[in-house]
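First the structure, in the form of structure tokens, and then the observations on it.
The values are calculated or read from the model by the stated rules, or taken from the named source; none is laboratory data. Everything numeric in this text was worked out from a predicted model, so none of it was measured. In this analysis, Cβ positions are derived from the backbone assuming ideal geometry, glycine residues included, and neighbour counts consider all displayed protein chains. Surface areas here come from the heavy atoms of the whole protein model, side chains and all, with no ligands, DNA or RNA. Shrake-Rupley method; radii C 1.70, N 1.55, O 1.52, S 1.80 Å.
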Amino acid sequence: MKRAFYVTTPIYYISGNPHIGHAYTTVVADVLARTARTSGPAYFLTGTDEHGQKVANAAAAAGTTPQEWCDELVPRWQKLFATYHVRYDDFIRTTEPRHESVVQRVFERLRENGDVYLGKYEGWYCVNDETFWLEAKLVDAKCPTCGREVQWISEDDWFFRLSNYRDRLLQYYREHPEWVRPKSVYNEMMALLEEGLEDFSISRTNFDWGIPIPGGGGVIYVWFDALLNYISAIGWSSDPERFAAYWPASVQLIGKEIARFHTLIWPAVLWALGEQAPELVFAHGWITVDGQKMGKSLGNAVDPFALAERFGADSLRYFLLREAPFGSDFSYSEAKIAQRHNSDLGNDLGNLVRRSLSMLLKYRDGVVPPGDAVASEVGAAVAALPQRVRTLILSLDFRSALEAVWELVVALNRRIDDQKPWVLHREERDTELDALLYDLCEGIRWLAMLLHPVMPERTAEMWRQLGATALIDADWDAALQWGGLPSGTRVTLGDALFPRIELDAAGS
Ligand code: MSP
């Protein structure tokens, strides 16, 4: 079996309603999986992180049990992803038996081989981040990540022998300088490694909303439980063939605040199990409001459903990938979304489609004429574009990938302006007009396919207007040969693809 491109998102805490930050990582993973599928198999996993004190507290505050709370909230996440046209292959919930049994098996395995041992834990704990902190790391005696109060915990706990893996981690980091990206996060983690690593507690006894420790003695720490979703979902220890087809993951996407768990603890746990570290962990930046991370806790979260209604989910997907280099923080503003929507999508892309199809309807009754694929300059110029776009996307440079696609958008618009089809028509230069109209339609076909991973729904509408009958998500290498659109195809003009949004109304 060809090894699939395996991409994961963090699994989301369901302590409240989802916001646009949650949609962000999942949309990016979707774009990666859809792009990888244009040349081979891919597998995309997302899901929800349902145990731990944070979720238990949220349930208690709502006067319900944690399980009922989770069952009620999970559909909101699934609705969020559906609204944003995300097509995952699997959605894992950490309360599912298929996950719980793996976590218990891992615990037992590591206890047997000595990587997990019983010790005493005393220290500071932040419930919001479900994280233990050394006193020296606290800021004004509060959590250095979220600024909340921390609580003192003292209990007999099971520990994971992380300190044993420090040397191997150091060596791995040195030999694989690209395995954690961006570089800023790699450097930060390297600095932590150089400071030294302490064993960490992986059990809790002061509350019971978690996976029971085999043989009793409390529940398993939520982070230890959560990380294992990436392998429980693909059949670790239950389906070795399936597991081998996916693991190690090609890309694990995370927000930068959870890099420590994914790039220090996670590889060590995998090694303790005799498995490989993921190929790449990419820690992206935050969507910020007034310089602060958007989130429920700061009360600055933006409702992703309202946003999708207002701008269109595909315009938002485009915005999230195009606006900032992936990895950096970027500040959220409705004016910027409207600007991208109106300018790149409405004026450049939408108008290209509209102008081209209207001319085809006017001059050729809406039927694609024969072109001259061999002589086409645009055709020759874009021959290497699919490969270039795919490489840029799979190396997570979404911005450059979209800029590359826009070269085709610009080239086609320029051809209309330069060749003036209305003049060709008036002067009855039919062969030239046919060649131009063909190239425009073929160009639109290419754009629909190349942009499909980023805007699955709007490009499907482009496809429909174009009258294309082949599959829009077909293998690019086979389908993207200039001349692939059959002459005789009948187009139809639909509503504007990206109707203008007034800046004032969008809160500029
Ligand atoms: N449950 C843990 C992850 C466990 S993974 C084994 C968790 N959950 S979370 O819901 O708090 O956050 C999950 C992810 O949501 C972040 O890592 C990040 O990818 C995304 N984001 C949450 N807020 C965000 C922004 N304001 N901006 C960008 N991404 C954001 O941590």
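With respect to A283, is the statement that it is of a type in the set (G, A, S) and not in a strand (DSSP E or B) true? Judged against the criteria, A283 is not a match.
Scanning the stretch 132-144 for residues that are more than 15 Å from the ligand (Cβ to nearest atom), in a loop (DSSP other than H, G, I, E, B), touching a Pro at 6+ places or on another chain (Cβ under 8 Å) and more than 26 Å from A308 (Cβ to Cβ) turns up at least one hit. Of all residue pairs spaced 6 or more apart or on separate chains, those with beta-carbon atoms under 6 Å, a first member in the stretch 247-259 that is in contact (Cβ under 8 Å) with a residue 40 or more places away in the chain and a second member that is open to solvent by 10 Å² or more (accessible area, probe 1.4 Å) and within 9 Å of the ligand (Cβ to nearest atom) are I254/P10. Can you confirm whether the stretch 201-208 contains a residue that is at pLDDT 95 or above, more than 17 Å from D49 (Cα to Cα) and surrounded by fewer than 20 Cβ atoms within 10 Å (Cβ to Cβ)? Scanning the stretch 201-208 turns up no residue that is at pLDDT 95 or above, more than 17 Å from D49 (Cα to Cα) and surrounded by fewer than 20 Cβ atoms within 10 Å (Cβ to Cβ).
Residues of the stretch 213-226 that are within 15 Å of the ligand (Cβ to nearest atom) and open to solvent by less than 10 Å² (accessible area, probe 1.4 Å): I220, Y221, V222, F224, D225, A226. Among the criteria (1) in contact with a Lys or Arg (Cβ under 8 Å, 6 or more places away or on another chain); (2) open to solvent by 10 Å² or more (accessible area, probe 1.4 Å); (3) on the phi > 0 side of the Ramachandran plot, the one G235 does not fulfil is (2). Applying the criterion of being more than 12 Å from the ligand (Cβ to nearest atom) and among the small types (G, A, S) to the residues of the stretch 250-290, the residue that is most open to solvent (accessible area, probe 1.4 Å) is G274. Residues of the stretch 382-407 that are in contact with a helix residue (DSSP H, G or I) (Cβ under 7 Å, 6 or more places away or on another chain) and either of a type in the set (D, E, K, R) or open to solvent by 70 Å² or more (accessible area, probe 1.4 Å) (or both): R388, R390, R399. Listed conditions (1) more than 22 Å from the chain's Cα centre (by Cα); (2) within 16 Å of the ligand (Cβ to nearest atom); (3) within 25 Å of N164 (Cα to Cα) are all met by G210, apart from (3).
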